[in-house]
Every structure is written in structure tokens, then in C-alpha cells.
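Q: This is the structure, below, for whatever I ask next.
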Amino acid sequence: MAAALAAQRLAKRYGRIQALHGIDLEVGEGELVGLLGPNGAGKSTLVKIACGLVRPTAGKAWIYGAPAGSAKARSALGYLAEFFRFPGWMTANELLVLHQQLAGSDGGAEERARLLELVALTDARDRPVEEMSKGMQQRLGIAQAFVGTPKMVLLDEPTSALDPVGRRTVRLLLEEVRARGVSVLLNSHLLSEVELVCDRVVILLGGKVVAEGATHELAHPRGVEIETEKGAQLFPGAKRDDAPRLVAELVAAGRQVYGVRVLSSTLEEVYLEAVHGETD
């Protein structure tokens, strides 16, 4: 079966600026992949090429085997841009009606009600966009990305304007759609959210993939921390398999053990190492 998203030697140049340098990337069916990197790394360019909004200078991209930008590829996609704007006079319900028409969705009122419930906007269905907070508009934008039951969804900074409750709502939504086999490429600066929800991460720097894999695959061991009556003691270099032996030695020495933690680097540490500490 074709990958939900596949990019092969994908390159993009804007005048003198080389935004992408021959990227190879794949998102599997039902996989939730986090796309990370500082500003200017090429993340949004990659997403726009996948949507067909930007043409690559070289290389190719496919959505479920169809060339990116083709009618077949677009019909399989849902998309939320980083900087979006909806007509202020439209209500949430009217906006979803419009996007149903654009997507050719026959889901009707049932689909709209389900999507508004998923993003906790049921009570705001008749509220004009201009009367919504930025966070509510962000959640409405996420709802429109799922109109028509797309097989693949591209989300560009979908939680940037959300409070912790809103981010949790989106996280639960992403977990639900992944369980239904929907693939998601999530471009985000919120590393904690990516770490919680994504199966795998891809880190870009200067238009190149500099790290890729599941968080636990990219993480480095940082030792074992054991809490005793004398406090926490760190055993640098120790790994998970060393923990039982270390505990047994402490107990044999008459120490009381209250807890054991196997330490590894966080996604933030992995990210900073991959981008050499580069900031946005």
C-alpha cells in the first residue's frame, strides 16, 4: 500500500534561497508524525508542497500514490495553514457548510455537529467568527481540516493559540483520528505536545532532515536515579537493565530503596542537539 505521504529528493528554491535540499520523507497510513525545526528550516514549504500550493524545484511528492497537487491527492487531504483567516461574518456552522461544499462532502449537518463537538465548539455553532477568541478560531480551523473525512491531514502550528485545555482537546482529537487510520503530519513548535501525541518526529534544519525516528529511538540514556533514605542518587552511564542489580546492591548494603527512575534525554534535548541550539 502506498504511503500516506511520500517525498523523494524534494527541493525548493525561492530566488537565492534554497528552502529544501533534496528531502526524503514518508508518513505511513495511520501514523502521526511531528515535523520540527526552527523558523526557516523548510517545514511550511514542505507542507505547502504536499498540499499542492507550492511546486517543488526538484523531486516529487505523493499523497497515497497520487502526485501532490493533483485532484486525487487533494481529495484525500485536510489542511490547516499556520496563518489562516475566515470571513468574520460567518458563523461556525456556516463556515463548515462552505468547506463541505469546497471539499464535496455529503456529510451534512451530522458531520458538522460531530466536528464541532470534537473541538468543543458545539455551543458556538451560531457564533460569528469575529466574535470568537483566537483559540476558538484555531479550534474551528482544525474542525474544517477534517471536513469530508480526509485520509491524510496536514496541520501547520494547530495549537499555537490554544490554552492547555484547548491543546488537550486537540491532542485527544488527534489520538481519535489516528485510531481510525487517519494519517497526520503535525508541524509544531510545542515540543511537549509533539512528544505526547506523535509516533515519530522529523527534525529539519536548513532544508535538510537532520534527525528522524521515534522519540525513544532518538533519546540518549542519562543514567539511573535511585531514591533511598539518604536522598536521590544518580548512577551515570547505567541503563535500564542495570537497575535491578543496583537496587540489589543498595539493599544488601542496608539501604532503603523508595523509587527507581531510568533517565533518558527529553525531546527538547534531542531537538536542541539536532539543530545545534539554533533558536527561532
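The values are calculated or read from the model by the stated rules, or taken from the named source; none is laboratory data. All figures in this text were calculated on a predicted structure; none of them were measured in a lab. Cβ placement follows ideal geometry from the backbone for every residue including glycine, while neighbour counts extend to all protein chains displayed.
Q: Identify the single condition in (1) free of Cβ contacts under 8 Å to residues at least 12 places away in the same chain; (2) touching a Leu at 6+ places or on another chain (Cβ under 8 Å); (3) among the polar types (S, T, N, Q) that Ser133 does not satisfy, given that it satisfies every other one.
A: So the condition that Ser133 fails would be (2).
Q: Can you list the helices (runs of 4 or more DSSP H) found entirely within the range 165-280 that contain at least 1 residues being surrounded by 19 or more Cβ atoms within 10 Å (Cβ to Cβ) and either modelled with pLDDT under 85 or not small (Gly, Ala, Ser) (or both)? Outline the logic, then answer.
A: Values: elements: 191-197, 215-218, 243-252, 267-274.
In the range 165-280, the matching helices (runs of 4 or more DSSP H) lie at 191-197, 215-218, 267-274.
Q: For the subset of the range 147-164 comprising residues that are assigned to a strand (DSSP E or B) and of a type in the set (A, V, I, L, M, F, W, C), which member is modelled with the lowest pLDDT?
A: Leu155
Q: Could you please find all residues in the range 50-63 being within 15 Å of Ala76 (Cβ to Cβ) and either crowded, with 19+ Cβ neighbours inside 10 Å or among the polar types (S, T, N, Q) (or both)?
A: Listed by number, the residues that qualify are Ala50, Cys51, Ala61, Trp62, Ile63.
Q: Right, next: Restricting to helices (runs of 4 or more DSSP H) lying wholly in the range 41-120: which have 3 or more residues that are in the same structural domain as Leu140 (by TED's automatic domain parsing) and more than 21 Å from Thr159 (Cβ to Cβ)? Break it down into steps so the answer makes sense when it comes.
A: Details: elements: 43-51, 71-75, 92-103, 108-118.
Of the helices (runs of 4 or more DSSP H) lying wholly inside the range 41-120, those with at least 3 residues that are in the same structural domain as Leu140 (by TED's automatic domain parsing) and more than 21 Å from Thr159 (Cβ to Cβ) span 71-75, 92-103, 108-118.
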